[in-house]
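For reference, the structure is listed below as structure tokens.
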Amino acid sequence: MPQSDCTPLLEVENLKVHFPVKEGVFARAKRFCKAVDDVSFSIKPGETLGLVGESGCGKSTLGKAICRLLQPTAGSIRFEGESIESLSKSQMRPFRRDLQIIFQDPAESLNARHTVGQILEEPFIIHKIGDAQERIRRVRALLDKVGLPQSSLEKYPFEFSGGQRQRIGIARAIALEPKLIVCDEPVSALDVSVQSQILNLLMDLQRDMGISYLFIAHDLSVVRVISDRVGVMYLGKFVELADGDELFANPMHEYTKALISAIPVPDPTVRKDRVVLRGDVPSPIDPPPGCAFARRSPIEVSEDVASQPGEYIEVSPGHWVEVHPATVANHERFLVRS
Amino acid sequence: MRLFKFNPLTAKKVARFKQIRRGYYSFLAILALVAFSFFAELFINSRAIVVSYEGELYFPTYGAVIPGDTFGLGYSYETNYRELKERFEEEGSDNWVLLPIIPYNPYENNEYEGVFKPAPPSFSEGHWLGTDTTGRDIVARLFYGFRIAIFFSFAFLILTYLIGIAIGCLMGYFGGLFDLIGQRLIEIWSNLPFLYVVIIVFSVVPSSVPVSARIIILLTVMVMFSWMGMTYYMRTGAYKEKARDYVAAAEAIGASTTRVIFRHILPNTLATLVTFMPFTIVGAITAVTALDYLGFGLPPPTPSLGELLKQGTDNLTTAPWIVVSSFFTLVTILTLVAFVGEAIREAFDPKKFTVYR
């Protein structure tokens, strides 16, 4: 029997989200856009898992699939041990209280025709919590919690600044006191000074309410601040997953190294050794055979080697890497063991 | 506390609409005409507004027929109040009659030189714009014709929009095969010839069917062949809104499909439809007038602009007042509504800077 505090809050196993690509009017979908391809990870209660990767690598798709806003093609999602990947809309509703999402663009994610009061009241109405007065009381408490003035109640989203709007989005997400929040690039659309305020708010809420985050971002410095563990995604797959400190101190995968070397340093005198990748990210519709990254890696390999698939293995406790001749220096040391 | 609070964006649009004088005053004029038409019986009617007879007051406008016997006229059919007024004046008694400004209703035929033929405008007779070919007062015919046309158009608008919005929204929201099949069915349906259907339907409806039922049949046929236009706008609107994050957020909270459609998608798509409303009204008035002109519209003896236009063109040289008055009435109404439509379109335009003022 596993101990209760060791049970992961969320377990994702071999999750795939493929979108059919239709060509012509009557054609059946022959090709698929493999936005998320065979991804496995877990999140413990109260933990923050950071998720980084370039645009189009499937981070947001993964986040939305976990919230069941997109239907996964294959694989399993277990929330507190229960499979939620094939639940119907009404079966899913009780899980919605524990599983929330914060979106990237707060202007898009708030209905412009509703007041802030209406937006924040909606979760309570849907889940039939309290009467009208109780709901208003809770909405006011939410505004306090995210640091918005009580006068916001009657205002509309477009009357707020970007950071304040994101606070509204956060207030809506925490309204039902969830256990896990998928943060889909919650600070990417904000100014740097506002970003830190929002990150602090998220961390304060985590401390007070014990929420777990799946924190999606493309900014490594943001992820570094907030995450306990960090996963790196490339073309729909995890290429590296480790504790935050370990990942930044000891990156294994060439792609991770390239990402870390690209973090801007606020000191013009520091000379940095940039790892510059070749070429562009291949299309997820027609990924090259074998290791998708091999042809861009600074470690050059022959086409024969590149078309062999890599292996996603745990190289040291809690540190998972996609091992392939082109992605990890001295890859043989790991493969021998397996 | 205000009962109805506009979203500030909507309030801004309304304020901009008020600034466009031509449209705003046209809107007020139309509104006044429609409001006035609710009480048309008090102003244009053969029944008196008030009759004072032997110390008692009678209000014949609304309610049952008051027979001539009541006022000592010696007949049991409805009192002719114009004659009653003359009689009271001849007698010089305390009895009096207050007649409407235009003391004719749109159905009664008044002889002219002993026969039923168009009488020219005459203030002494009370026929300000003359009479039509069967001696009915043209002002009364025009005004009641306007009233029927405008209410007919509003009913048409509401029904077509309800059907169009519902079907369009469902197609856009659910998409997929439902959308594909729905679209093809709508394309087929749009190609059915409306005029033939109207002709066929009214050749089948027996003459015993009352006028009000015939009007409803006409409305039904017109709605059946006109709701498709709205579905296109609603479909694209729903497609667009459905993909936005606030809908995803609502779904993530656990909102039901009906809640997502009615609370989130509809309010965000409906705003654009307001722009189309005046033009739909213009279209409906024109359509029903054209049908009346051809003789397939509102059944006689319903007062109608199209029927008057037809009479006018038939008697262009002998009774030019008919065509002139009905033409000007039609043009005025359509222009007013079109001005309102232009102003609404301008006020709701996301690109604020245009030439129109």
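Laboratory data are not the source of any read-out in this text; all were calculated from the coordinates shown. From a predicted model like this one, the values you see are computed outputs, not experimental measurements. Ideal geometry is used to build each Cβ from the backbone, glycine not excepted, and the neighbour counts take in all protein chains shown.
What to note about this one:
- Structural descriptor for chain A: relative contact order 19 percent, calculated from alpha carbon pairs under 8 angstrom and at least 6 residues apart.
- Proxy reagent accessibility, fewest Cβ within 10 Å first, across A:92, B:171: A:92, B:171
- Ordering A:102, A:139, A:124 by Cα displacement along the dipole of region A:88-166 toward the positive end leaves A:124 in first place; charges were set at the Cβ atoms of Lys, Arg (+1) and Asp, Glu (-1).
- C-alpha center-to-center spacing [region A:50-71, region A:161-188] in angstrom: 16
- Computed from label points 7 Å out along Cα-Cβ, the spacing between residue B:178 and residue B:134 is 5.0 nm.
- Shape of the protein assembly as shown, Cα gyration tensor, a/c cut at 1.5: prolate
- Cut-off 13 Å (backbone N to label point 7 Å along Cα→Cβ of residue A:250), residues of region A:287-319: A:315-319
- Comparing A:274, A:296, A:68 in a Gaussian network model of chain A (Cα springs below 10 Å), the most mobile by mean-square fluctuation is A:274.
- A simple packing score, the average count of other Cβ atoms within 10 Å per residue, orders the peptides B:214-224, B:195-205, A:222-232 as A:222-232, B:214-224, B:195-205, with the highest score first.
- Residue by residue, region B:268-274 carries 3J(HN,Hα) couplings of 7, 9, 5, 3, 5, 5, 4 Hz when phi is fed to the Karplus relation 6.51 cos²θ - 1.76 cosθ + 1.60 (θ = phi - 60°); x denotes Gly or Pro.
- Remark: mean inter-chain Cβ contacts per residue of B:314-324 equal 0, using a 10 Å Cβ-Cβ cutoff to other protein chain atoms.
- Listed by Cβ neighbour count within 10 Å, with the fewest neighbours leading, A:299, B:344 appear as A:299, B:344.
- Put simply, the amide H of residue A:33, placed in the peptide plane, has neighbours under 5 Å in A:19, A:21, leaving out anything fewer than 5 places away on its chain.
- Dividing the mean sequence gap of close Cα pairs (under 8 Å, 6+ apart) by how many residues chain B holds gives a relative contact order of 20 percent.
- Full extension of the segment from residue B:243 to residue B:155, taken as 0.36 nm per residue of separation minus the current Cα-Cα distance, would add 28.4 nm.
- Distance violations [Cα-Cα > 21 Å] among B:85/B:117; A:34/A:257; B:117/B:310; A:16/A:257: B:85/B:117; A:34/A:257; A:16/A:257
- FRET efficiency for residue A:131 and residue B:50, using Cβ-Cβ distance with R0 set to 51 Å, rounded to 0.05: 0.40
- Put the Cα centre of region B:65-80 next to the Cα centre of region B:233-260 and the gap is 65 Å.
- Relative contact order [Cα under 8 Å, 6+ residues apart], region B:17-171, whole percent: 19
- Residue-span extension gain [residue B:29 to residue B:14] - 0.36 nm each, minus C-alpha spacing: 3.7 nm
- Neighbouring partner chain Cβ atoms per residue of B:239-247, average, 10 Å criterion: 4
- Between residue B:162 and residue A:159, the simple label model (points 7 Å from Cα in the Cβ direction) yields a spacing of 3.5 nm.
- Neighbouring Cβ atoms from other chains, within 10 Å of the Cβ of residues in A:88-98, number 2 on average.
- Neighbour-count ranking [beta-carbon atoms within 10 angstrom, fewest first] of A:198, B:49: B:49, A:198
- Protection-proxy order for peptides A:152-162, B:91-101, each taking the mean of Cβ atoms within 10 Å per residue, highest first: A:152-162, B:91-101
- Amide H contacts of residue A:215: A:49, A:50, A:51, A:183, each under 5 Å away and 5 or more positions distant or on a separate chain (H built 1.01 Å from N in the peptide plane; Pro and chain starts excluded).
- Packing around the peptides A:132-138, A:115-121, B:116-122, taken as the average count of other Cβ atoms within 10 Å per residue, puts them in this order, highest first: A:115-121, B:116-122, A:132-138.
- The string of couplings for region A:205-222 from the Karplus curve (6.51, -1.76, 1.60, θ = phi - 60°) is 5, 4, 5, 6, 10, x, 7, 9, 10, 9, 9, 8, 7, 10, 9, 5, 5, 5 Hz, one whole number per residue in order, with x for Gly and Pro.
- Placing a pseudo-label 7 Å from each Cα along the Cα-to-Cβ vector at residue B:213 and residue B:324 gives an inter-label distance of 4.3 nm.
- Whole-Hz couplings from phi, Karplus 6.51/-1.76/1.60, listed for region A:113-120; x for Gly and Pro: 9, 10, 6, 4, x, 5, 4, 7
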